[in-house]
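Report on the following structure.
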Amino acid sequence: MMLPSVKTTRVSGRLVLTLAAGVVCGFLSACLFISANRDVPNVLHWFPGRSYYDPHHYSHLEHESGPSVEVVFHGEDEDFHKNEDLVARELAQKVRVLCWVMTNPKNHQKKARHVKSTWGKRCNILLFMSSQEDPSLPTIALPVEEGRNNLWAKTKEAFRYIYEKYRDQADWFLKADDDTYVVVENLRYMLSPYSSLEPLYFGCRFKPFVKQGYMSGGAGYVLSRVGLDKLVLEALPNGTLCRQDNAGAEDVEMGKCLEKVGVRAMDTRDPHGRGRFFPFVPEHHLIPDHTNKDFWYWKYIYYESKDGLDCCSDSAVSFHYVSPNMMYVLEYLIYHLRPYGISHTVHEEPQAAQTLSKTSEPVST
């Protein structure tokens, strides 16, 4: 039997040492990256005993696409739910909501069209903001390059466009992403006690970076008409009030601008203290201990928040990171599923929300 030469043994040893060093360095680099970003939203996190990726991240849905054929629910072509939405239709004439959806060319058919087929059709006005025209939606082509580093620029241009073209056609102006699901009737119900002639701002309120807090971009946020006026006419043109370049987190920069021109960040909890706007899918709020308590959300949320069945208001407004398929699941569960013998009525008075809305200090967590 031939024995390996000394030279061959040395080469093999070097290869083993090189491979081992590479593995160790890679592991340590990953640990340092995760540690450095553990408190920042929209980054990957490692949770012991859980999947290696963070499902609370836009990349989780990057390759998701919905059904390739049109989904038609019963009741749209037939008379299954006649007059069940009479109150909602009446409120839609009194509380006019313009919804604009942040999207991009690669998501026009993958995501945006499913918003149009589900919750978007309940807005008084529905607009899709992109960088390319698409007559099938249609989209508005804003003069901004795509990419996450340009979301703040895109948001500024979108609100400028809305002010110029639609300012007098709505009372409230909702910004949402193409993976946000909104129960528009509950949004109108929440807004109904308020006047759009006051400078107001609603959403899922976070507490860092801005004294009065800022609203999560993914969960969707709402400006009153006067809030829109102050943003476009006072804040955006002024470099001392609003960031003028494209960089920065869209929702944080919006919060800074609005605070400086006196637009009030409002409390959107229901009279029981339960949230209405949510930055994640229902499962991640409803299931206790779904996320580690060191997860950034628990440090960011402005008010004390619970997970489990007490997390969410019966009149919840929005959820984020909703896949295109889940849009249709929520559409069915909310608008078509009817437990036999149970009649759903609203038991809370919307005026009660004003009591909680006067709260200005965060509840310690």
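The values are calculated or read from the model by the stated rules, or taken from the named source; none is laboratory data. Values in this document were obtained by computation on a predicted structure and should not be read as measured data. In this analysis, Cβ positions are derived from the backbone assuming ideal geometry, glycine residues included, and neighbour counts consider all displayed protein chains. In case anyone asks, the SASA skips ligands and DNA or RNA and just uses the protein heavy atoms, side chains included. Shrake-Rupley method; radii C 1.70, N 1.55, O 1.52, S 1.80 Å.
Whether any residue in the stretch 84-93 is closer than 20 Å to residue 182 by Cα, outside any helix (DSSP H, G or I) and of a type in the set (D, E, K, R) is what I want to check. Before you say what the answer is, go through the steps one by one.
Residues of the stretch 84-93 that are closer than 20 Å to residue 182 by Cα, as a first pass: 84-93.
Adding the requirement that they be outside any helix (DSSP H, G or I) leaves 84-85.
Next, only the ones that are of a type in the set (D, E, K, R) stay: 84-85.
Looking for residues that are closer than 20 Å to residue 182 by Cα, outside any helix (DSSP H, G or I) and of a type in the set (D, E, K, R), one finds at least one in the stretch 84-93, hence yes.
Out of 89, 113, 148, 188, report the one residue that is buried (at least 20 other Cβ atoms within 10 Å of the Cβ) and out of contact with any helix residue (DSSP H, G or I) (no Cβ under 6 Å at 6 or more places or on another chain).
Values: 89 fails: buried (at least 20 other Cβ atoms within 10 Å of the Cβ); 148 fails: buried (at least 20 other Cβ atoms within 10 Å of the Cβ); 188 fails: out of contact with any helix residue (DSSP H, G or I) (no Cβ under 6 Å at 6 or more places or on another chain).
On inspection, the qualifying residue turns out to be 113.
I'm trying to understand the selection: among the residues of the stretch 213-243, which are of a type in the set (S, T, N, Q) and either over 25 Å from residue 302 (Cα atoms) or in a loop (DSSP other than H, G, I, E, B) (or both)? Reasoning before the result, please.
Taking the stretch 213-243 and keeping what is of a type in the set (S, T, N, Q), we get 216, 224, 238, 240.
Those that are of a type in the set (S, T, N, Q) and either over 25 Å from residue 302 (Cα atoms) or in a loop (DSSP other than H, G, I, E, B) (or both): 216, 238, 240.
Considering each residue of the stretch 262-298, count those that are surrounded by fewer than 15 Cβ atoms within 10 Å (Cβ to Cβ) and not in a loop (DSSP other than H, G, I, E, B), and give that number.
Final tally of qualifying residues: 2.
Could you list, in sequence order, the residues of the stretch 256-278 that are under 21 Å from residue 177 (Cα atoms) and among the small types (Gly, Ala, Ser)?
Scanning the stretch 256-278 gives 265, 275.
Considering only residues that are of a type in the set (Asp, Glu) and more than 22 Å from residue 321 (Cβ to Cβ), look in the stretch 214-273 and name the one that is nearest to the chain's Cα centre (by Cα). Write out each step before concluding.
As a first pass, look at the stretch 214-273 and keep what is of a type in the set (Asp, Glu): 229, 234, 245, 250-251, 253, 259, 267, 270.
With the extra rule that they be more than 22 Å from residue 321 (Cβ to Cβ), the set shrinks to 229, 234, 245, 259, 267, 270.
Details: 229: 23, 234: 26, 245: 23, 259: 20, 267: 17, 270: 19 Å.
Per the criteria, the residue is 267.
Sort out which residues of the stretch 299-348 are open to solvent by 10 Å² or more (accessible area, probe 1.4 Å), outside any loop (DSSP other than H, G, I, E, B) and closer than 24 Å to residue 208 by Cα, and write them in order of number.
If the condition is that a residue be open to solvent by 10 Å² or more (accessible area, probe 1.4 Å), outside any loop (DSSP other than H, G, I, E, B) and closer than 24 Å to residue 208 by Cα, then 299, 300, 301, 312, 319 are the ones that fit.
Could you check the stretch 219-259 and list, in sequence order, the residues that are open to solvent by less than 10 Å² (accessible area, probe 1.4 Å) and either small (Gly, Ala, Ser) or touching an Asp or Glu at 6+ places or on another chain (Cβ under 8 Å) (or both)? Break it down stepwise before answering.
Going residue by residue through the stretch 219-259, those that are open to solvent by less than 10 Å² (accessible area, probe 1.4 Å) are 219-224, 227-228, 231, 235-236, 242, 254-255, 257-258.
219, 220, 221, 224, 227, 235, 242, 255 - these are the residues of the stretch 219-259 that are open to solvent by less than 10 Å² (accessible area, probe 1.4 Å) and either small (Gly, Ala, Ser) or touching an Asp or Glu at 6+ places or on another chain (Cβ under 8 Å) (or both).
Of everything in the stretch 118-151, what is modelled with pLDDT of 95 or more and in a helix (DSSP H, G or I)? Give them in sequence order.
Those that are modelled with pLDDT of 95 or more and in a helix (DSSP H, G or I): 119, 120, 121, 122.
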